[in-house]
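The structure appears below as structure tokens.
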Amino acid sequence: MKHIVAIATVDGKTIYQHFGHAEVFQIVSVSDKDYTYIESRKVPPSCQDFQHSQGALEQVTSVLYDCEAVFAGKIGPGAAAWLSSKGKRVFETPGLVDEVLKQVIERRLLD
């Protein structure tokens, strides 16, 4: 089974960015054996002046409409709860993209 996920990363190699500051998400297809980059999607940062507005969160959610999970270096409880309420799994996983995705596959975290 394939899973579509969104990764908050500036350079495509590391996950360190706070969800609310992300302007780009890498969209990745993850199967039980490997993963493939699909595309980059731009979003307006959902955190401004240290707060998330519902409108900003709705915009990000609409851009990530087909993603089952979101990976970020850091994510606050409000944004995590919002994403969860929209059926998205949330992973706060700072590290190298490749290493994180390998762990996701090995541990079957999306199943």
Where a residue in the range 17-36 is under 19 Å from I105 (Cβ atoms) and its partner, wherever it lies, is basic (K, R) and not in a strand (DSSP E or B), with Cβ under 8 Å and at least six apart: S29/K2; V30/K2; S31/K2; D32/R108
Pick from the range 47-74, criterion modelled with pLDDT of 95 or more and surrounded by fewer than 13 Cβ atoms within 10 Å (Cβ to Cβ), ranking: nearest to K102 (Cα to Cα): D66
The one condition in (1) part of a strand (DSSP E or B); (2) β-branched (V, I, T); (3) more than 11 Å from the chain's Cα centre (by Cα); (4) surrounded by 15 or more Cβ atoms within 10 Å (Cβ to Cβ) that T36 fails to fulfil: (4)
Extreme residue, surrounded by the fewest Cβ atoms within 10 Å (Cβ to Cβ), among residues of the range 1-33 that are closer than 19 Å to S62 by Cα and among the polar types (S, T, N, Q): S29
Residue list for the range 88-102, filter: of a type outside the set (A, V, I, L, M, F, W, C) and either under 12 Å from the mean Cα position of the chain (by Cα) or modelled with pLDDT under 95 (or both): K88, R89, E92, T93, P94
Test for D34: is it touching a strand residue (DSSP E or B) at 6+ places or on another chain (Cβ under 9 Å) and modelled with pLDDT of 90 or more: no
Filter result for the condition that a residue is in contact with a helix residue (DSSP H, G or I) (Cβ under 7 Å, 6 or more places away or on another chain), surrounded by fewer than 18 Cβ atoms within 10 Å (Cβ to Cβ) and not hydrophobic (A, V, I, L, M, F, W, C), over P94, P77, P44: P44
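The values are calculated or read from the model by the stated rules, or taken from the named source; none is laboratory data. Fair warning: this is a prediction, and the values are worked out from it, not measured in the lab. Glycine gets a Cβ as well: all are built from the backbone with ideal geometry, and neighbour counts include every protein chain shown.
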